[in-house]
Amino acid sequence: MNSSVTSIKLVLLGEAAVGKSSIVLRFVSNDFSENKEPTIGAAFLTQRVNIGEQTVKFEIWDTAGQERFASLAPMYYRNAQAALVVYDITKPQSFIKARHWVKELHEQASKGIVIALVGNKLDMIENGGERKVAKEEAEKLAEEEGLLFFETSAKSGENVNEVFLGIGEKIPIKKPGEQANEQSGLRITDDQRVDLTNSVNGPVRSAGCNC
Amino acid sequence: MSFLGSLRQKASFWDKIAENFAPSQTRDEKFRNEYKLPLEESIIDDTNADLSFISAYSKSKELKKKEGQAMAYVYSGKLFLTPHYLVFRDAFDNSSCIMILNVSTIKRVERAPFSSYALSLVVTLYSGTQVLIQFIGVRYRSEQFCEQLKKCLKGNIDHAKALPTFLDSCYSEFLLRKNLLQMKDIKAPGGGLGQKFKYPGQNTVAKEKAKLRLWFNYFRENGANLAIVKNYTFEKLIRVGVPSRIRGEIWELCSGSVYLRQQSPHEFQEILAKNEGKTSQAVEEIEKDLKRSLPEYSAYQTEEGIQRLRRVLTAYSWKNPDVGYCQAMNIVAAGLLIFMTEEQAFWCLSKLCDCYVPGYYSKTMYGTLLDQKVFEAFVQEKMPVLWEHIEKYDIQLSVVSLPWFLSLFFTSMPLEYAVRIMDIFFMNGSKTLFQVALAILRINGEDLLEAEDDGMFIAILKNYFLTLDKSSHPESADPKFRQITKFQELLVTAFKEFNIITESMVTQHRSKYQNGILQNIETFVKKTQLRHMPKTFHLEEFELSNIYDLFYQSIATHKIGMGTGSSNMDFPVFVGFLAKFCDWCKPSDSDRNPTYVEQKNEFLKRLFKKWDSSKTGELTLNDVVYGLDKLVTNDLLESINYFFSLYDGDDDGQLQREEVLQISEGLLFLTDPWKTGKFVDALTKKSIEESIAEQFVKEHGGEVKMSDVQLPSGVTIDEEKFKAEQSERYLQAASNFLQRSFEYAQPVELEKDINLIDLSNDDQEGATEKREFNSLKANAALDPTHPKVINLATFRMIILADESYELLFSQTLRDSIHTSESVNSSDTKNKALRNMFDGIIADGRRVAESVRRRVDSVATKGSIASTESNSNQTTHSNAVSAVSGNAQEKTEDLDDFTTEQPGEHEELLSNSWIEMGDTGDDSLKQSRPLRSIQPNPVESEDNQPDLIEFET
């Protein structure tokens, strides 16, 4: 196995209660909790995955969604290589907010940032809820702005790993020599990695932070 | 070295001085802060006094009764009177005795009989407790104080009446009554959710009871709630942890929210009733978070708990719309509600947001950002090694620390520990948060120095919080040492080691960083708002930025950085806003003329109404940008159309008679600055330039070298003459407008009427009617009884028929709206006419150009005719000179043409204008409107060949 690790700094943005933290929780711990406390300020989690030969360490910055926390966001998307802009497919307002975030990222974030537009809460529609943001509309935005696009359910786990996989594939892999976090990369052992290419819906073990 | 050293010393000395000049509070503010009194309480009077507090239930009083002797501590200190409170403070040791007495609790005030020379009062409270006050100082001052006290008591009768109901809600009162007054079956007052759903933590019943007894004893000796003496013991009892049952009351007592609750006993319910069923952004945001507030506490999985939380949060959002709702308030409120009733929690939350952590939850969260900065500064000062490490590994300290401050440790620590921190927080204020936060870093310092990324940093602290109940020294040989938990260690570190962090230090640091933080936020907010601005067609990005600044500068009540106050604009503010950058809205002498003021009002009201997209009587920034974008269009027709639409109230594309009159008034108002000669328009400017040039040529007798002409100076011009000419021109335009309007107005409905009559009557009669109609039509302008309308096309024609008005819409209006000047430069000077003339003279290039044209034309004419020049000819000879002049001049000339590109059309105008001026008053009046609309082709052709002939 290739022992080099690429770190990807990733930030989650989007309106309050669209499921940002839940997506992260699903990805990092393959878990879901119904009434999660809102994220105050921001949270930080990491997860390692294998994408092909490469081990990718996602450093995930999960931000607070409420409008007034927006002034804190630049602190977290600074230097980010990737962003998930999340909205709730049953809340049109959250899609408008997503547009704003995309615009802000294009203007303010680092050049070449890979942005994935993520419509969450797919499970609500499968359970008879009403979809309020058309898939086509989101696809159109994604195309116009050059975004990856996914619809997910953090609750069922549907499509969540694919989002991260998609991002991991789109970010150019650095040569080991250029690796900034070389030291932390050496610390991992094989059993902590999860091969996303093979087990898309499989449980993703947390690399946690006590590595 | 010593020199540098002394310099450094001096520098730090100046820093100290600067710190001391931090915005200082007034005496009343300090006083209120210190005793946590409501906003209304300002000091009415103060006096030195000796004071004894003899509790009705005191054990020593029982003794006294038996022995017939008074026994009580006598404190010497200062007594303050505010509208509703008597506050006493020991002069020597603040913490030995602070008495806060609400005057509602006073039942009787008597003069003490036993003092012969000094004035003494015996104040008896509802409970029978007595306060002896012996005044120190001049007798008449003491008498004055008593007079004031009497007034306060009289003014407070209503509150005093409500006292028994209020006392029923206090747990302390319940304890005293149950145990001292033998009211065994008295029921405990309503309290927090903990009463039903258990309090967090696993305090044994025995331990809780022991603690409660301590508090009972304290209340017995020192009073409680609205009439209490706080001393060392009070503080000590809080430090060991308040028993859950009275925690709510102690929190509201320490924070002073109890005073708010007592003062406005119905407000909480009234707010809820008034806003029932109403929705708002805050209400929606609250709904999203209700189930996400301390979900681990069982009450918040029940409708009862959720409902209480909903009521407290929404009531606060209505009470303080500037804050509304901020995530984290749900968690804090949920924490309060475990120990407090809804009403208590509501007032406590208010006090907390307003005084304890100001700005934390505001719309821009400036308080949070500020305190993070302050915290970082403290870390840097007190733990430089750790700080260096954090910097080196680029660790975002705020990710861990921001939730500590924002949710007051509720989300970080297990509940039972978080509430212990709150006990001290309410007593000592916001410094507590810094002390605890610093202690957490200090205790975990060594581990944290091992952390090389955010993840590890966070994990260490997370793990620490989960093991707060474990021994801090598990390996110690001493069993007593082993018993000390990590939480106890934390408290000791926080309040012993970081005792050095004082409230004033926090205040000083805050004021040091405040401006920087607010500045950052303002920049950020502006960037965000400009990013989401509607697409504009005529306004450039930098103009939007200027408009943004002008807009928010005008709304004095709105503080961008703090996110307080409405960010919308009402009409009066709107007028002030336009006055900042629109020439026709600037204050002027005309404001003394009532007709003008009426015109101004009318026009601005129409503009305001047009821009008010939501029809709420308020303009948003977007409204203003959208409106201005239309107003400043470069397109002549678009501009005319927009102006027309302001007056076409019903949008039917026609102006009724009344509307025509109003539109002419609007034009009068809009052109006032030019009519009164405050500004010069392009036409006047041009003729001034011509005149200067002419004068110059005359003086130099036609033998001017181009090099001399570069900067004409010392030229005097007849300001008054140009002013008068311009004024005359605008007056004429106005009168022409009205005249033509009625001349060309179409009597649409009248025509219909006639037609109807036509059909119903026989031919002969019809013919006469028609004749009558024709005469009617001719005099329609004078006949108010018949409706006449002007449609857009006609209006346009009439405007285009007048050069001044045409210029108004093609250029003058646009130029009078100074959106391109940034805020700072726009208020430097009100460009008066004088400046304008100065500008023209200084702009030598243009004048020089004019001169050259003349010189050239003189040169070409020289052999033919006299040197008397005709402005008409010179303008047109311009083209000629380019042909006859040398190569260099030619290129210069071409340059000039490009800069004057838009003037091509304007030059034509100026021609006809000068012509009109020349023809004198009579011909002016005769001038037919159509001639100007479509300038007589024959006439201009006549001119053209003339010139050519000159040339040849």
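We did not get these values from a lab; they are worked out from the coordinates using the rules stated. For clarity, every value in this text was computed on a predicted model and none was experimentally measured. Cβ atoms come from the backbone with ideal geometry, glycine included; neighbour counts cover every protein chain shown.
Details
- What the Kirkwood sum gives for the stretch B:27-156 is a hydrodynamic radius of 15.2 Å, with every pair of different alpha carbons counted.
- Computed from the C-beta positions of B:Glu497 and B:Asp589, the FRET efficiency with R₀ = 60 Å rounds to 0.30.
- Counting only other chain Cβ atoms within 10 Å of each residue's Cβ, the peptide B:634-640 averages 0.
- Full-extension gain in nm, B:Ser645 to B:Arg111, via 0.36 nm per residue minus C-alpha separation: 184.4 nm
- Among B:Met422, A:Met124, sorting on how many other beta-carbon atoms sit within 10 Å of each Cβ, with the fewest leading, yields A:Met124, B:Met422.
- Applying D = kT/(6 pi eta Rh) to the stretch B:507-640, where Rh is the Kirkwood radius over alpha-carbon pairs, T corresponds to 10 °C and eta to 1.306 mPa s, the Stokes-Einstein value obtained is 96 µm²/s.
- In order along the stretch B:283-288, the Karplus-derived 3J(HN,Hα) couplings, from 6.51 cos²θ - 1.76 cosθ + 1.60 at θ = phi - 60°, round to 4, 5, 5, 4, 4, 4 Hz, and Gly and Pro are given as x.
- Pairwise FRET efficiency - B:Glu381 versus B:Lys480, Cβ, R0 = 45 Å, nearest 0.05: 0.85
- Among the listed pairs B:Lys580/B:Lys609; A:Lys111/A:Lys132; B:Lys512/B:Lys559; A:Lys121/B:Lys363, those whose Cα-Cα separation exceeds 23 Å are A:Lys111/A:Lys132; A:Lys121/B:Lys363.
- In loop segments of the stretch A:18-79 as defined by DSSP, the GluC sites (Glu not before Pro) with at most 14 further C-beta atoms inside 10 Å of their C-beta are A:Glu34, A:Glu53.
- Counting Cβ atoms of other protein chains within 10 Å of each Cβ in B:401-408 and taking the mean gives 3.
- Protection proxy ranking of B:628-637, B:458-467, B:431-440, B:528-537, by the mean of other Cβ atoms within 10 Å over each peptide's residues and highest first, is B:431-440, B:628-637, B:458-467, B:528-537.
- Among B:Glu342, B:Glu296, sorting on how many other beta-carbon atoms sit within 10 Å of each Cβ, with the fewest leading, yields B:Glu296, B:Glu342.
- Rounded to the nearest 20, the size of the Cβ-charge dipole of the stretch B:366-519 about its Cα centre is 540 debye, with Lys and Arg at +1 and Asp and Glu at -1.
- Translational D in µm²/s for the stretch B:415-539 (Stokes-Einstein at 4 °C, 1.567 mPa s, Kirkwood Rh from C-alpha pairs): 72
- Between B:Ser95 and B:Thr233, the contour length at 0.36 nm per residue exceeds the alpha carbon distance by 48.7 nm.
- Label-point separation in nm, B:Thr204 to A:Arg99, each point 7 Å along Cα→Cβ: 6.5
- Ratio Rg/Rh, restricted to the stretch A:5-170 and using Cα atoms, in which Rh is the Kirkwood radius: 0.93
- Virtual spin-label span in nm between B:Leu153 and B:Arg139, 7 Å along Cα→Cβ: 2.1
- Residue-averaged beta-carbon neighbours from other chains (10 angstrom radius) around A:32-38: 6
- For A:Asp88, distant residues with modelled amide H under 5 Å away: A:Ser94, A:Phe95, A:Asn120
- Theoretical FRET efficiency, 1/(1+(r/R0)^6), r = Cβ-Cβ of B:Glu304 and B:Ala273, R0 22 Å, to 0.05: 0.65
- For the stretch B:799-807, backbone phi angles converted through the Karplus equation (6.51, -1.76, 1.60; θ = phi - 60°) give residue-by-residue couplings of 5, 5, 6, 10, 5, 5, 6, 4, 5 Hz, Gly and Pro being listed as x.
- Here the label points at B:Ser280 and B:Leu661, each 7 Å from Cα along the C-beta direction, are separated by 4.5 nm in the simple model.
- Of B:Lys36/B:Lys291; B:Lys196/B:Lys288; A:Lys91/B:Lys278, those spanning more than 29 Å from alpha-carbon to alpha-carbon: B:Lys36/B:Lys291
- Per-residue Cβ neighbour rank within 10 angstrom, fewest leading, B:Ser472, B:Ser280: B:Ser280, B:Ser472
- When each of A:Lys9/A:Lys135; B:Lys30/B:Lys496; A:Lys20/B:Lys470; B:Lys586/B:Lys615 is checked by Cα-Cα distance, pairs over 29 Å: A:Lys20/B:Lys470
- Checking every one of the trypsin sites (Lys or Arg not before Pro) in the stretch B:304-351 against DSSP loop status and a limit of 14 other Cβ atoms within 10 Å picks out no site at all.
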